[in-house]
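Everything below concerns the one structure shown next.
The values are calculated or read from the model by the stated rules, or taken from the named source; none is laboratory data. Source: prediction; values computed, not measured. Note that each Cβ is placed from the backbone with ideal geometry, even for glycine, and that neighbours are counted across all protein chains shown. Only protein heavy atoms, including side chains, enter the accessible area calculation; ligands, DNA and RNA are left aside. Shrake-Rupley method; radii C 1.70, N 1.55, O 1.52, S 1.80 Å.
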Amino acid sequence: MHWLRNALAHVAPKQRPAVIAMLKTIFAQESAEAAHAQWRQVADALRERFPKLAEMMDASREDVLAYMGFPREHWPQIASTNPIERVNGEVKRRADVVGIFPNERAIIRLVGALMLEQTDEWAVTRRYMSLESLEPMSNDPIISLPAVAA
């Protein structure tokens, strides 16, 4: 996890094993509420010895724990940044092949085509992200979907 690596940059190497153990307790929680509470507890425990780390934690909590707003069975797939890194790598690979783009629209066409390919791949191979699997969330008032006029 990139966030964890960045967080450990604020800790001396000898203290890293203890800090890693504390940080991992956040991600071992069974619910988003428990993870947020554990995050605050860990940040407060680290605040005196590692003020920069605690400040980083305060600023990044919502972003890092955003995946917990989805159903628990989706967490392993969406907690990682690997899918976006793969897409970024593919954009870079194909852009390197082209070399120089004649205009901005050509870049948008290439990236758009890659996004369409990615969407097709996810629709076929990643059933956990299907609309049907997200349906129970449609009753959530925070994520309510707009009504469609018949």
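Identify, please: which residue in the stretch 16-25 is touching a helix residue (DSSP H, G or I) at 6+ places or on another chain (Cβ under 8 Å) and within 24 Å of Glu85 (Cα to Cα) and is, among those, least open to solvent (accessible area, probe 1.4 Å)?
Here the answer is Leu23.
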Just for the stretch 29-48: of the residues that are among the aliphatic types (A, V, I, L, M) and more than 16 Å from the chain's Cα centre (by Cα), which one is most open to solvent (accessible area, probe 1.4 Å)? Ala45
Quickly run through the stretch 1-15 and pick out the residues that are open to solvent by 80 Å² or more (accessible area, probe 1.4 Å) and free of Cβ contacts under 8 Å to residues at least 24 places away in the same chain. Arg5, Pro13, Lys14
Could you say which residue among Pro102, Pro51, Pro76, Pro71 is under 20 Å from the mean Cα position of the chain (by Cα) and open to solvent by 40 Å² or more (accessible area, probe 1.4 Å)? Pro76
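Quick one: how many residues across the stretch 79-113 are out of contact with any Lys or Arg (no Cβ under 7 Å at 6 or more places or on another chain), of a type outside the set (Asp, Glu), touching a residue at least 12 places away in the same chain (Cβ under 8 Å) and assigned to a helix (DSSP H, G or I)?
Number satisfying all stated conditions: 7.
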